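Participant: The structure that follows is given in the form of structure tokens.
Please treat every number below as a calculation from the coordinates, not as lab data. From a predicted model like this one, the values you see are computed outputs, not experimental measurements. For neighbour counting, all protein chains shown are included, and Cβ atoms are generated from backbone atoms with ideal geometry for every residue, glycine included.
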Amino acid sequence: GAIPALGATDTSRAWFDRARRSLAGGISSPARLTSTGPHPYPLYLREGSGARVRDVDGNEYIDHLISYGCAVLGHASPLLAGALAPLLTTGTMFGTCTTEEVELAERIEAMVPCAELVRFANSGSEAVQGAVRAARGFTGRSLVLKFEGHYHGWSDTLAVSNRPTPEQAGPAAAPRSVPHSPGIPPGVVDDVVVCPWNDPDALRTVLAAHRGRLAAVICEPIVANNACTMPAPGCLELLRELCTAYGVPLIFDEVCTGFRTGPGGAQGLYQVVPDLAVFAKALGGGVPIAAFAGRRALMEPLAEGRVKHGGTYNASPLCATAALTTLRALADPATTGWMEEAGRRIMAAVRRAAHDRGVPCAVQGVGAMFQVVFTPDGAPTRNYRELLAADRGRYDVFRHELLRRGVHVNAYGAACWFVAAAVTEDEVAATCAAVDGAFAAL
Ligand code: PMP
């Protein structure tokens, strides 16, 4: 049926019209574009506090996007404000070594099982590039195995088979490598081997076929970019076992899971320790900082300077201080425990509403990050191809109905909801009520 219009968002619409005249496509990142559904322009958010945000028209929302999980402590965290304010008068960046980066590396080593040595970067894409460079430098090989639908950033390295159509990618059991965009050279695509996720037989076949030629296997341990597709029981363990058997470094892309699914990320949660891991988002609490870290042997060529990595902005005092403050807060089990509990309550509310209204849908993920997927039979997705079979249009309507009820979530059904540690009991209850109302309207 017809979807009622949002409350006034005319100022957002006007800014988007203006943006298109100077910004390519009116945006700085395509995930911000809501080209489908009834709300074909992005919301321009002006301010936030805790788990609340306000748009340029003055509408207030409870925010379960929280900048894709970055603002893990909530927006305008007083902790961060207190830590960062002095730097505005003492200097935000010197381009030299900083004491903060040392303390931050030590803290990451203490929290993350695989982290024996750390390097900092500014975005997930950059840190993925660093980890892949380290693995290639260590092994002297070029090929990297990734899983269909997993996302590892926009840079050439792994921008292959992020979101291919089945026509492009061929058979589900043996997908082809498909460049994500024009402009990615064929050589780059040829260096990426693609495998279906949660498929032990396919994994065994692909690893055997490329024996002795793989520089790394990389995965999202919880596939945040495939609507929080969870690892099938034993899947990560098998991956670890086979990588060890074949002598291939295993990289966990923990850009979304890191410091969110518990202090040790997904590797801590599942007790499966990769050789290298990548962190961003929650690490910085809302400033641009990323890291890659791993076993000493893998990071040693970098430590010796044989394998190159650098960056003017890496671990500036501003970003390292924000990260240090964030990780100190996340080391408190009460903080992460509440974030997880709050999300679980919302997940339970979605399941209840869906059951009551007889709407098939899967609610998948952990409390701190999850997604609602309208699969045909309500079964959770196991891989990218199953996600393609879900009803995107219905997610658009659901999201819009939530927005009308003051709840802001991910516009893109293949990504996920992120919960802020600062969310209050009342905001969780209000979210659950909005979920119920949204399902009634579906
Ligand atoms: N890896 C994963 C799992 C991600 O979700 C993302 C971003 N959504 C990236 C890498 C790339 O990070 P960034 O956007 O900071 O470059």
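Participant: Excluding His309 itself, what net charge comes from residues whose Cβ is under 10 Å from its Cβ, given Lys and Arg +1 and Asp and Glu -1? Spell out each step's value before the answer.
Facilitator: Numbers: positive: Arg119, Arg133, Lys308; negative: Glu126.
Counting the neighbours of His309, the net charge comes to +2.
Participant: About the Cα centre, and with charges only on the beta carbon of Lys, Arg (+1) and Asp, Glu (-1), how big is the dipole of the chain? Nearest 20 debye, please. Walk me through the numbers before you get to the answer.
Facilitator: Values: 39 positive and 42 negative charges, 152 e Å.
Computed charge dipole of the chain: roughly 720 debye.
Participant: No solvent, one uniform scatterer per C-alpha: report log10 I(q)/I(0) for the range 206-329 via the Debye equation at q = 0.11, 0.23 1/Å, two decimals.
Facilitator: -0.43, -1.37
Participant: Decide, for the range 255-325, between rounded, prolate and oblate: order the square roots of the alpha carbon gyration tensor eigenvalues as a ≥ b ≥ c, take rounded if a/c falls under 1.5, and otherwise choose prolate if a/b is larger than b/c, else oblate. Display every interim value, and only then the final one.
Facilitator: Numbers: a/c = 2.71, a/b = 1.06, b/c = 2.56.
Since a/c reaches 1.5 but b/c is at least a/b, the shape of the range 255-325 is classed as oblate.
Participant: Moving to a separate point now. I need Ser77, Ser49, Ser29 ordered by Cβ neighbour count within 10 Å, fewest first. All intermediate terms of the calculation are to be shown ahead of the outcome.
Facilitator: Working: Ser77 25, Ser49 15, Ser29 9.
Result, fewest neighbours first: Ser29, Ser49, Ser77.
Participant: Add +1 for every Lys or Arg and -1 for every Asp or Glu among the other residues with Cβ under 13 Å from the Cβ of Thr11, and state the total.
Facilitator: Net charge around Thr11: 0.
Participant: With a ≥ b ≥ c taken as the square roots of the eigenvalues of the C-alpha gyration tensor of the chain, please select rounded if a/c is under 1.5 and otherwise prolate if a/b is larger than b/c or oblate if it is not? Don't skip to the answer; put the middle values down first.
Facilitator: Numbers: a/c = 1.58, a/b = 1.19, b/c = 1.33.
Oblate, since a/c reaches 1.5 and b/c is not below a/b.
Participant: Next up: Please get the size of the charge dipole for the range 79-330, origin at its Cα centre, with Cβ charges of +1 on Lys and Arg and -1 on Asp and Glu, quoted in debye to the nearest 20. List each step's numbers first, then the result.
Facilitator: On the way: 19 positive and 22 negative charges, 46 e Å.
The dipole magnitude comes to about 220 debye.
Participant: Cβ under 11 Å from Val363's Cβ, Val363 left aside: what net charge do those residues give with Lys, Arg +1 and Asp, Glu -1? Before the final figure, lay out each step's value.
Facilitator: Values: positive: Arg344, Arg351, Arg352; negative: none.
Its environment carries a net charge of +3.
Participant: Please report how far the C-alpha centroid of the range 99-113 lies from that of the range 151-194, rounded to the nearest whole angstrom.
Facilitator: Cα centroid of the range 99-113 versus Cα centroid of the range 151-194: 34 Å apart.
Participant: Quick one: order Met369, Met111 by neighbouring beta-carbon count within 10 Å, fewest to most. Could you put the intermediate results ahead of the total?
Facilitator: Working: Met369 26, Met111 19.
Lowest to highest Cβ neighbour count: Met111, Met369.
Participant: Which residues make up the longest stretch of the chain that has no trypsin sites (Lys or Arg not before Pro) in a DSSP loop with at most 16 other Cβ atoms within 10 Å? It would help to have the intermediate numbers written out before the result.
Facilitator: Working: sites that count: Arg176, Arg211, Arg213, Arg306, Lys308.
The answer is 1-175.
Participant: Quick check: residue separation of Leu79 and Arg176 times 0.36 nm, minus the Cα distance between them. What number comes out in nm?
Facilitator: Working: separation 97, 0.36 × 97 = 34.92 nm, distance 4.72 nm.
Computed gain between Leu79 and Arg176 is 30.2 nm.
Participant: Would the range 79-330 count as rounded, prolate or oblate if I go by the C-alpha gyration tensor, calling it rounded below 1.5 in a/c and otherwise prolate when a/b exceeds b/c, oblate otherwise? Walk me through the intermediate numbers first.
Facilitator: Values: a/c = 1.79, a/b = 1.73, b/c = 1.03.
In terms of gyration-tensor shape, prolate.
Participant: Once you charge only the Cβ atoms, +1 for Lys and Arg and -1 for Asp and Glu, what is the size of the charge dipole of the range 71-119 about its Cα centre, to the nearest 20 debye? It would help to have the intermediate numbers written out before the result.
Facilitator: Numbers: 2 positive and 6 negative charges, 40 e Å.
Dipole size: approximately 200 debye.
Participant: Taking 7 Å along the Cα-to-C-beta vector as the label spot, tell me the Thr99-Arg32 distance in nanometres, rounded to one decimal.
Facilitator: Spacing of the two 7 Å Cα→Cβ label points: 3.7 nm.
Participant: Taking one equal scatterer on every alpha-carbon of the range 351-397, how large is log10 of I(q)/I(0) by Debye at q = 0.17, 0.18, 0.23, 0.25 1/Å?
Facilitator: Here log10 of I(q) over I(0) equals -0.46, -0.52, -0.83, -0.96.
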